[in-house]
1. Please specify each residue of segment 57-92 satisfying the condition of being assigned to a loop (DSSP other than H, G, I, E, B), open to solvent by 60 Å² or more (accessible area, probe 1.4 Å) and either modelled with pLDDT of 85 or more or farther than 30 Å from S19 by Cα (or both).
2. Condition test on R44, is it surrounded by 13 or more Cβ atoms within 10 Å (Cβ to Cβ), basic (K, R) and modelled with pLDDT of 85 or more?
3. Show the residue pairs that are 6+ apart or on different chains and have beta-carbon atoms under 8 Å apart, the first residue being within segment 36-59 and of a type in the set (G, A, S), the second being surrounded by 11 or more Cβ atoms within 10 Å (Cβ to Cβ) and at pLDDT 85 or above.
4. Is there any pair linking a residue in segment 100-120 that is modelled with pLDDT under 75 to one that is loosely packed, with under 12 Cβ neighbours inside 10 Å, with Cβ under 6 Å and at least six apart or on different chains, and which?
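The values are calculated or read from the model by the stated rules, or taken from the named source; none is laboratory data. From a predicted model like this one, the values you see are computed outputs, not experimental measurements. Here the Cβ positions follow ideal geometry from the backbone for every residue, glycine too, while neighbour counts run over all protein chains shown. Remember, those area values only see protein heavy atoms, side chains included, never the ligands or the DNA or RNA. Shrake-Rupley method; radii C 1.70, N 1.55, O 1.52, S 1.80 Å.
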Amino acid sequence: MASQVLSKLAATSPDKTISIPTDGLPKTFVQITRPHKSSESASRKTLKRRCTEMSNVRQIMAKGETSVLLRNELDYLDSAERELLLKQAGIISHIGATQALALKAGIGMPWTALAGQEGA
């Protein structure tokens with residue numbers, strides 16, 4: 001019965017959340033739709049809705065600092081899984097020595113500081 005009441009209350013809320021005041025911190029309930037299909041076989045519309053729901057949950061959990069929460073989520077992945085995820089997202093996770101030297105030169109490091117940087 002409580003789940004029906006919470007579902008009806010959440011449906012009337014624009015962000016599908018319910019906050020209940022308590023003696024301590026307020027309790028927040030978030031309605032999250034349980035998926036019937038995996039993300040690999042879901043439509044773009046469904047994936048967009050799921051991303052929006054997760055973004056709302058992150059916003060509540062992080063109190064607005066979602067980048068910190070996402071960074072921590074990536075830190076908890078093991079390195080192989082993180083590398084695969086970054087590769088699938090099209091993000092460069094390794095910078096070669098020549099690219100690193102070009103980046104250091106591009107940010108205006110003095111040549112004396114760059115002298116011992118080759119190959120590092």
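1. Within segment 57-92, D78, G90, I91, I92 qualify.
2. Numbers: surrounded by 13 or more Cβ atoms within 10 Å (Cβ to Cβ): no; basic (K, R): yes; modelled with pLDDT of 85 or more: yes.
The answer is no for R44.
3. S39/L47; S39/R50; A42/R50
4. That search, which allows pairs on different chains as well, returns G119/A97.
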